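The values are calculated or read from the model by the stated rules, or taken from the named source; none is laboratory data. Predicted model, so just to flag it, every value in this text is computed and none were measured. For neighbour counting, all protein chains shown are included, and Cβ atoms are generated from backbone atoms with ideal geometry for every residue, glycine included.
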């Protein structure tokens, strides 16, 4: 990821908690609905824009949403598995 060089260090407990929260968000229907709505609005704004500044702003929003999703997926992949259950 583009921010790997600034990624903070977390304890195993913190990483497990972050994994649980990230999984909860990724599986949450409301969160997914909001992300999809925002993505659709950004794409529509990009397609309908008539000037470069508006197009670039819409593209930046689209990419920002993508970064949020990829970061949550990375958090899930980085966390240690909970073997206590």
When you look at residue 70, is it part of a helix (DSSP H, G or I) and modelled with pLDDT of 95 or more, yes or no? no
Among (1) without any contact (Cβ under 8 Å) to a residue 60 or more places away in the chain; (2) assigned to a helix (DSSP H, G or I), which single condition is residue 10 missing? (2)
Looking at the structure I just gave you, is residue 50 in a helix (DSSP H, G or I) and either modelled with pLDDT of 90 or more or more than 16 Å from the chain's Cα centre (by Cα) (or both)? no
